[in-house]
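One structure follows; several queries about it will come next.
Read the figures in this text as sums done on the coordinates, not as results from a lab. Computed from a predicted model, the values in this text were never measured in an experiment. Note: ideal-geometry Cβ built from the backbone for every residue, glycine included; neighbour counts use all protein chains shown.
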Amino acid sequence: MELDEYMSLDATAMAESVARGEVKPAELLALARRRADAVDPTLNAIVRRLDEAADAQVARDDLAGPFAGVPFLIKDLQQEYAGFPTTSGSRSLAGEIAAEHSLLVRRFLDAGLVIFGKTNTPEFGGKGVTEPDFWGPTRNPWNIAHTPGGSSGGSGAAVAAGIVPAAGANDGGGSIRIPAACNGLVGLKAGRGLTPYGPQIGEPMFGMVTQGVVSRTVRDSAALYDAIIGENPRAAYRAALPSRPFAEQITDAPGRARIGYSYASAINARPDREAIAAVESAAALLTELGHHVDEVRPPYDDEALARDFLTIWFASLYGDTVAIKRRTGARDSDFEADTLAVAELGRAAGVGALLTSLGNVNDYIQSLATFHESYDYFLTPTLATPPLPVGATATAGHLRVASRIVSRLRGGKVLAASGILEQLIADSLGWVPYTQLANLTGRPAISVPLHWTEAGLPLGVQFVGRLGAEGDLLRLAAQLEQARPWAHRHPAPIR
């Protein structure tokens, strides 16, 4: 197999070629490495190679599973691989070695995926761009001056660049859907509890983070989720599993859906014209396909939701930094200045603010549930703007120094009084105001690549479904993929 053919295949097609004996897993792995060696010095998508482990895997006679022999990458955040650190994009965790695979990674391996590396992520997954101080920025294959999004930006860039056909990802506020939208990929965030965490940790952020993948095709996403969901006797609760495999469900027509769409946002009152065009084009296509489509008012206050989301995130990050310091002996200098400032805001806000925000989550759940009584899906842009230039959200040097001082002096209340929260909402969420809703409510959501900007950058659209609608979302995405194919689109050669 030649490299061009390798890059044209999705994971399903690769697995079929292996099963037919047309190509060996070692050959596919060699092609994946060849592609990585060619483009990753520019993209910086892979932060750790697992070459010896991958070689041992393809050398086995018993390599099996639905994706046997397909090269794969996992995210360097909450996807632990035994014998290697999971840095979470932070120097503070560089020396902590995983004693065992996470359940998710075990399921990836059981599916026959050949894991040969870990992908870049912002520190603790805390940003919608992938620019950690520790590993440096990842760049978008469609235009290396721009971000691939975050926090699964390394995975998104690697898939878009043709290093692998799919890669591990996770999503606590849009971290699967944002990179999917930035890189022209499919990104499903499953509903709460469906994909596995553990045994190292339970569900982060009070259950708002879910595991998953980014891929080039709907059928790959469907089959990969089939491979990773399942019973987990060590989980805190049992989630309702799908009655049929997603790979079977996507062969069915989705039926006539009722879809409400909006690009309105209180955080970003003026979404980019490309974001508006993406949604309007999707709405027109859906109408052509026979769906009932209405423009609607958003079923929630996204500015209030942003405040609650960040309050919960800040408190969670404070707890994480305290735990890491106790466990590893890490010092403030081992964390980014932004992380320290945000964690200090979480500490200073106190438990009362956290409990209030957690209580407010029910309001968003009820509002969205009411919306879903009238509509099957809520359609929005995934991004309010095209992918940002690399460095666009970087904190200025003097502010980083100030953040470290404020953190050391425990000046979080002063920091909060300065209006920094409002600035963080505008700067961090202003270009991605639509994705946090699904995390707080526990609903499934998917980003599909239906739009490219005039400058040639992808900009996906998002559908949020009701509880248990993962299969429905994948069926709808499969219909859209058939009507307006995207997997044949590839970035220009990377120089």
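Tell me, how many Å apart are the Cα centres for the range 1-52 and for the range 165-198?
Cα centroid of the range 1-52 versus Cα centroid of the range 165-198: 21 Å apart.
Shifting gears a bit: Where a Cα-Cα gap under 14 Å defines reach, which aspartates and glutamates qualify for Lys118, not counting those fewer than 8 residues away within the same chain?
Those aspartates and glutamates meeting the cut-off are Asp40, Asp51, Glu52, Asp76, Glu80.
Which one of Pro298, Trp313, Val351 has its Cα pushed farthest toward the positive end of the charge dipole of the range 269-366, where Lys and Arg give +1 and Asp and Glu give -1 at the Cβ?
My answer, from the dipole projection, is Val351.
If one computes the Cα centroid of the range 258-285 and of the range 136-160, what distance in Å separates the two points?
Between the Cα centres of the range 258-285 and the range 136-160 lies a distance of 23 Å.
How much of the DSSP bridge set in the chain is antiparallel, in percent, rounded to the nearest 5?
Numbers: 27 of 39 bridges.
In the chain, DSSP labels about 70 percent of beta bridges as antiparallel.
Could you point to the residue in Val218, Gln249, Thr195 farthest towards the positive end of the range 189-296's charge dipole, with +1 and -1 charges on the Cβ of Lys/Arg and Asp/Glu respectively?
With unit charges placed on the Cβ atoms, the residue in question is Thr195.
Next up: Can you pull out the GluC sites (Glu not before Pro) in the range 423-495 whose DSSP state is coil and whose Cβ has at most 11 other Cβ atoms within 10 Å? Mind dumping the intermediate values first?
On the way: sites: Glu454, Glu470, Glu481; in loops: Glu454.
Those satisfying the criteria are Glu454.
Would you compute, from DSSP H runs of 4+ residues alone, the mean residue ellipticity of the chain at 222 nm, taking -39500 (n - 2.57) per run and dividing by the full residue count, rounded to the nearest 500?
Working: 18 runs with 206 residues, N = 495.
So the calculated ellipticity at 222 nm is -12500 deg cm²/dmol.
Near Glu2, within a Cβ-to-Cβ distance under 14 Å, what is the net charge of the other residues, with Lys and Arg +1 and Asp and Glu -1?
Charge balance in the 14 Å sphere: -2.
Still on this structure, I have one more. Holding the Cα-Cα limit at 24 Å, pick out from Lys189/Lys413; Lys24/Lys189; Lys75/Lys189; Lys189/Lys325 the pairs that are longer than that.
Values: Lys189/Lys413 35 Å; Lys24/Lys189 32 Å; Lys75/Lys189 15 Å; Lys189/Lys325 31 Å.
Check vs 24 Å cut-off fails for Lys189/Lys413; Lys24/Lys189; Lys189/Lys325.
Let me spell out the model: positive unit charges on the Cβ of Lys and Arg, negative unit charges on the Cβ of Asp and Glu, origin at the Cα centre of the chain. What dipole size does that give, in debye rounded to 20?
Numbers: 45 positive and 54 negative charges, 197 e Å.
Rounded to the nearest 20 debye, it is 940 debye.
Moving to a separate point now. Are there trypsin sites (Lys or Arg not before Pro) in the range 1-52 that DSSP marks as loop and that have at most 13 other Cβ atoms within 10 Å, and which are they? Please list the in-between numbers first.
Numbers: sites: Arg20, Arg33, Arg34, Arg35, Arg48, Arg49; in loops: Arg20.
Answer by residue number: Arg20.
Could you pull the Cα extents of the range 334-430 along its three principal axes, largest to smallest, in whole Å?
Principal-axis extents of the range 334-430 (Cα, largest first): 51, 37, 24 Å.
Please list 3J(HN,Hα) in residue order for the range 339-348, calculated via the Karplus relation 6.51 cos²θ - 1.76 cosθ + 1.60 where θ = phi - 60°; whole Hz, with x for glycine and proline.
Karplus-based 3J(HN,Hα) across the range 339-348 equals 4, 4, 5, 5, 4, 5, 4, x, 5, 5 Hz.
Output the relative contact order of the range 360-440, whole-number percent, from Cα pairs under 8 angstrom with separation of 6+ residues. Kindly include the intermediate steps, with their values, before the conclusion.
Details: 24 pairs, mean separation 49.2, N = 81.
It rounds to 61 percent for the range 360-440.
Enumerate by residue number the GluC sites (Glu not before Pro) in the range 227-336 meeting two conditions: DSSP loop (anything except H, G, I, E, B), and at most 12 other Cβ atoms within 10 Å of the site's Cβ.
Loop-located and lightly packed - Glu231.
Hey, what's the Cα Rg ratio for the chain versus the globular rule of thumb, 2.2 N^0.38 Å?
Details: Rg = 21.1 Å, N = 495, 2.2 N^0.38 = 23.2 Å.
The value comes to 0.91.
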